[in-house]
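Peer 1: One structure coming up, written as structure tokens, with questions to follow.
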Amino acid sequence: MAFTLFARRPEPVEAPAPEPWPEIGETWQPEGVTVVERYYNLGNAVVLVFRSAGYHVVACLGCHYEATQFKAHYSTMLTLKEAAELANTHAAGCRALPREIPARPDEAAARELLYTTVRGMRARDERLNFYLFHLDTQRLTLQRTNEWIVGELERLADDEPEVLKVSVNKWGTDFYLQKLPES
């Protein structure tokens, strides 16, 4: 009889439906972003902590504050604890009023934003590695999944090999920004 008590499994429970944001009356979860925490600033704008490409990002929907790194740790990405600390500190001092939630751009606009961002990251150095986390601060504007971004980066590499190169190996796809032409 004791074994039957331990063999029982609880019934699966459905995830609760997302609650609407009080200030707008709707839910908002941009594609490619997982919102982890929300803070309100002094003007009632939302300061988001979200995950994108495996890292945490802090973004204020009132002003244009964004953070992907923590204080003196410039080479490390934000942990949830650090992101929460940054978001809370920013929210405590920011007086910006809420802006409109960014609308999801159409395919052509998202593609152009992505291409412009990648072209702008090129430097005079030889073959710089390009990772998806380099686009983390653009995620609220792009609102696209990693799969869509990788597909578009591969398309850019095919169309403009002087800008971006692709290398496929057993671990996945690597992208390299090409050196700017000498002028």
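The values are calculated or read from the model by the stated rules, or taken from the named source; none is laboratory data. These numbers come from a predicted model, not from an experiment. Note that we place each Cβ from the backbone using ideal geometry, even for glycine, and neighbour counts take in every protein chain shown. Quick note on the areas: whole protein, heavy atoms, side chains included, nothing else; ligands and nucleic acids left out. Shrake-Rupley method; radii C 1.70, N 1.55, O 1.52, S 1.80 Å.
Peer 1: Could you say which residue among V33, V58, V118 is in contact with a Lys or Arg (Cβ under 8 Å, 6 or more places away or on another chain), surrounded by 19 or more Cβ atoms within 10 Å (Cβ to Cβ) and touching a residue at least 24 places away in the same chain (Cβ under 8 Å)?
Peer 2: Result: V33 is the single residue among V33, V58, V118 that is in contact with a Lys or Arg (Cβ under 8 Å, 6 or more places away or on another chain), surrounded by 19 or more Cβ atoms within 10 Å (Cβ to Cβ) and touching a residue at least 24 places away in the same chain (Cβ under 8 Å).
Peer 1: Being modelled with pLDDT under 85, over 17 Å from the mean Cα position of the chain (by Cα), over 19 Å from L48 (Cβ atoms) and open to solvent by less than 70 Å² (accessible area, probe 1.4 Å): is that true of A123 here?
Peer 2: yes
Peer 1: Return yes when V47 is over 25 Å from W148 (Cβ atoms), part of a strand (DSSP E or B) and either open to solvent by 70 Å² or more (accessible area, probe 1.4 Å) or at pLDDT 85 or above (or both) and no when it is not.
Peer 2: In short, yes.
Peer 1: Please go through the stretch 142-157 and pick out each residue that is over 9 Å from the mean Cα position of the chain (by Cα) and either on the phi > 0 side of the Ramachandran plot or surrounded by fewer than 18 Cβ atoms within 10 Å (Cβ to Cβ) (or both).
Peer 2: Scanning the stretch 142-157 gives T145, N146, E147, W148, V150, G151, E154, R155.
Peer 1: Filter the stretch 158-180 down to residues that are open to solvent by 90 Å² or more (accessible area, probe 1.4 Å) and either at pLDDT below 90 or touching a Lys or Arg at 6+ places or on another chain (Cβ under 6 Å) (or both), then give me how many there are.
Peer 2: Qualifying residue count for the region: 3.
Peer 1: Could you go through the stretch 130-141 and let me know if any residue there is closer than 27 Å to E66 by Cα, part of a loop (DSSP other than H, G, I, E, B) and at pLDDT below 90.
Peer 2: Checked against the condition, which is being closer than 27 Å to E66 by Cα, part of a loop (DSSP other than H, G, I, E, B) and at pLDDT below 90, the stretch 130-141 yields at least one hit.
Peer 1: Could you check the stretch 79-109 and list, in sequence order, the residues that are assigned to a helix (DSSP H, G or I), without any contact (Cβ under 8 Å) to a residue 40 or more places away in the chain and either buried (at least 17 other Cβ atoms within 10 Å of the Cβ) or among the acidic types (D, E) (or both)?
Peer 2: Within the stretch 79-109, E82, E85, L86, E107 qualify.
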